[in-house]
1. Could you count how many residues in the range 95-109 are open to solvent by less than 70 Å² (accessible area, probe 1.4 Å) and farther than 14 Å from residue 162 by Cβ?
2. Report, by residue number, each residue of the range 124-163 that is free of Cβ contacts under 8 Å to residues at least 12 places away in the same chain, of a type in the set (A, V, I, L, M) and open to solvent by 50 Å² or more (accessible area, probe 1.4 Å).
3. So which residues in the range 18-53 are more than 20 Å from residue 71 (Cβ to Cβ) and among the aliphatic types (A, V, I, L, M)?
4. Report, ordered by the first and then the second residue, all pairs with beta carbons closer than 7 Å, sequence separation of six or more or different chains, a first member in the range 52-65 that is under 10 Å from residue 33 (Cα atoms), and a second member that is open to solvent by 50 Å² or more (accessible area, probe 1.4 Å) and among the polar types (S, T, N, Q).
5. May I ask you to list the residues in the range 101-141 that are more than 13 Å from residue 152 (Cα to Cα), aromatic (Phe, Trp, Tyr) and in a helix (DSSP H, G or I)?
6. For the range 7-37, which residues satisfy the criterion of being among the acidic types (Asp, Glu) and more than 26 Å from the chain's Cα centre (by Cα)?
7. Considering only the range 23-51, how many residues are part of a loop (DSSP other than H, G, I, E, B) and surrounded by fewer than 12 Cβ atoms within 10 Å (Cβ to Cβ)?
Amino acid sequence: MSNLIETYYTNHRDELLAFVSNRLGGSEESEDIVQNVFLRLLTSNKMITAITLPALVYTMTRNLITDYYRRRHHHEEFEHFLKGSSEETESMESVFSASELTELLERGLARIPENCREIYRMHIYGGMKVSEISLTLGEGYKSVENRLGTARKAVRQYLRKYA
């Protein structure tokens, strides 16, 4: 099998490289993608024949090209986020401390019923999931979920004033 892959590589490497380069716009990644295709073929334990090899090579190549663009997109999004957050320099007066945020949160919670408040605190401060809160309080899952939703909505509305 490795002889078959070796022969295919020798005969079709340049063709495959041109295929990848065309799709990547001449990127330096083209060589890497072609090399990865053949490395994966050589390490594969699947049965490969002369008939299935060309289709398998191009399928693997297209998948690696898609992965390349997916990674690049996520990388660009992350860079954009980092650049955007570093450019937004705010004055120290506008940055809330953890204690100020907690105080704001508690003021927002004071506006809602006690049963919703308790569930919200268990969720936020205790890190509990709805199912855990339901078991702890001995109440129905949907009831807890609804009250948590009510509390979240009320706190969000209150905090919008400070955003």
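1. Looking only at that region, the number is 1.
2. 135, 163
3. Residues satisfying the conditions are 18, 41, 42, 47, 48, 50, 51, 53.
4. From the range 52-65, the pairs are 64/36.
5. If the condition is that a residue be more than 13 Å from residue 152 (Cα to Cα), aromatic (Phe, Trp, Tyr) and in a helix (DSSP H, G or I), then 141 is the only one that fits.
6. Scanning the range 7-37 gives 14, 15, 31.
7. Of the residues in that region, 9 qualify.
The values are calculated or read from the model by the stated rules, or taken from the named source; none is laboratory data. Note that this is a predicted model, so its numbers are computed, not measured. Cβ coordinates were reconstructed from backbone atoms using ideal geometry, including for glycine residues, and neighbour counts include every protein chain displayed. The area values use the complete protein model at the heavy-atom level, side chains included, leaving out ligands, DNA and RNA. Shrake-Rupley method; radii C 1.70, N 1.55, O 1.52, S 1.80 Å.
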